[in-house]
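The structure under discussion appears below in the form of structure tokens.
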Amino acid sequence: MSALSDQLVTFAILAYLVAMISHAVEYAVGNARKAPAAAPARELVGAGAGGPGGTIEEPAIPAPTRPDRSAARAALAGRIAAWITVLAAALHLGAVVTRGIAAERMPWGNMYEFVLTVTWIGAAAWLAVLWKQPSLRRLGLFLTLVMVLLLAFAELKLYVQVVPLMPALQSYWFIIHVSTIIFASGIFLLGVVPAVAYLMRSGWEQGRRSFPYTLARRLPAAAGLERLTFTLHAFAFPIFTFAVIAGAIWAEAAWGRAWGWDPKETWAFISWVVYAGYLHARATPSVKRNVATWISVVGFLTMLMNLFGVNFFFTGLHSYAGVN
């Protein structure tokens, strides 16, 4: 089962890559400059009874234009990309499940398994958003890019063989605490995509035509992206709060103290403060939306620091990553 999981991860990465390329085709073809529509040709036709020899002008039916064909091809590429993303998420889920079967436990015992599951939550949440709001499909280009980068990094740098769960993690709190952290992290991962897209699109709508604002030319309207960013963060934040509290309860039972400012505890608290600051700023009318959105992006950077930086550069009671 472990070998099957490894193969499914590889296939999932390839599928996300193909989906990303399809989204890029949709984006590129949809970005084709539209030529101004030519005036329809006019034909002379008979006026009918009562008008001997008389004629009137009647517009002819215009033939399909090149921009129309380009739009149809872009839409087709986008639909293909969405279905390939569904396939990639299914392969991704298969990799997580088979990893758990091989380990005979929940597949969250090290950094590789954590990233594998968090990225699947992000992909599944994206498909749910896409099902509810198909107009946001072009965000799939950025989402699949994130999936390819994170999964490839996990496969190349974080991979470890299946091993039993270490004694310190053998507790029912492992499922409660880690599952909620994973779920909230996956939603935050998805939330940073419309956040960055909003910042680019907002700049484009304000007349900025330099890179990276040019990437946002064909993205959905900034207001919709900002609302999606807020919705995702407002949904994930209470779950993240519960996960931090559950971790403190587990620490009290395991180590005799609820909080000890361990590096991972410290960065979890920093992330919580930043995301709380984002939600507060978003609810404050005097704070500009782009300022609040930047705070959410900083929040995700602190999550990355907690996931990668703490495990690579610090040691503490949470050193369960399985990497050197």
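State which residue is most open to solvent (accessible area, probe 1.4 Å) when the search covers only region 290-299 and only residues that are in contact with an Asp or Glu (Cβ under 9 Å, 6 or more places away or on another chain) and either not in a helix (DSSP H, G or I) or not small (Gly, Ala, Ser) (or both).
Keep residues of region 290-299 that are in contact with an Asp or Glu (Cβ under 9 Å, 6 or more places away or on another chain), which gives 290, 292-293.
Restricting the remaining residues to those that are either not in a helix (DSSP H, G or I) or not small (Gly, Ala, Ser) (or both) gives 290, 293.
On the way: ASN290: 58, THR293: 1 Å².
Among them, the one singled out is ASN290.
If you check ARG69, ARG73, ARG137, which single one turns out to be at pLDDT 90 or above and either under 30 Å from ARG217 (Cα atoms) or open to solvent by less than 40 Å² (accessible area, probe 1.4 Å) (or both)? Working first, answer last.
On the way: ARG69 fails: at pLDDT 90 or above; ARG73 fails: at pLDDT 90 or above.
None of the others qualify; the one that does is ARG137.
Looking at (1) farther than 19 Å from LEU304 by Cβ; (2) surrounded by fewer than 20 Cβ atoms within 10 Å (Cβ to Cβ); (3) at pLDDT below 95, which is the one condition that is false for LYS157?
Status for LYS157: all satisfied but (1).
Identify the residue in region 170-190 that is open to solvent by 10 Å² or more (accessible area, probe 1.4 Å) and of a type outside the set (A, V, I, L, M, F, W, C) and, among all such residues, is modelled with the lowest pLDDT.
Ranking the qualifying residues of region 170-190, first place goes to GLN170.
Per-residue answers, yes or no, for (1) open to solvent by 10 Å² or more (accessible area, probe 1.4 Å); (2) closer than 25 Å to ALA24 by Cα; (3) of a type outside the set (Phe, Trp, Tyr):
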site	(1), (2), (3)
ARG105	yes, no, yes
PHE114	yes, no, no
VAL118	yes, yes, yes
ILE121	yes, yes, yes
LYS132	yes, yes, yes
LEU141	yes, yes, yes
THR144	no, yes, yes
LEU151	no, yes, yes
VAL162	yes, no, yes
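If you scan region 277-289, which residues turn out to be in a helix (DSSP H, G or I) and either at pLDDT below 95 or basic (Lys, Arg) (or both)?
Those that are in a helix (DSSP H, G or I) and either at pLDDT below 95 or basic (Lys, Arg) (or both): ARG282, ARG289.
Per-residue answers, yes or no, for (1) outside any helix (DSSP H, G or I); (2) under 19 Å from ILE21 (Cβ atoms):
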position: LEU91; (1), (2): no, yes
position: ALA95; (1), (2): no, no
position: ARG99; (1), (2): no, no
position: MET106; (1), (2): yes, no
position: TYR112; (1), (2): no, no
position: TRP120; (1), (2): no, no
position: TRP126; (1), (2): no, yes
position: SER135; (1), (2): no, no
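Applying the selection to region 191-225, what residues are crowded, with 22+ Cβ neighbours inside 10 Å, more than 16 Å from ARG289 (Cβ to Cβ) and out of contact with any Leu (no Cβ under 6 Å at 6 or more places or on another chain)?
Matches in region 191-225: none.
Being among the hydroxyl-bearing types (Ser, Thr, Tyr) and closer than 16 Å to SER185 by Cα is the filter; apply it to region 73-131 and report the residue that is nearest to the chain's Cα centre (by Cα).
For region 73-131, the residue satisfying everything is THR119.
The values are calculated or read from the model by the stated rules, or taken from the named source; none is laboratory data. As the structure is a computational prediction, the values presented were derived from the model and not from experiment. Positions of Cβ are backbone-derived with ideal geometry, glycine not excepted, and every protein chain shown enters the neighbour counts. In case anyone asks, the SASA skips ligands and DNA or RNA and just uses the protein heavy atoms, side chains included. Shrake-Rupley method; radii C 1.70, N 1.55, O 1.52, S 1.80 Å.
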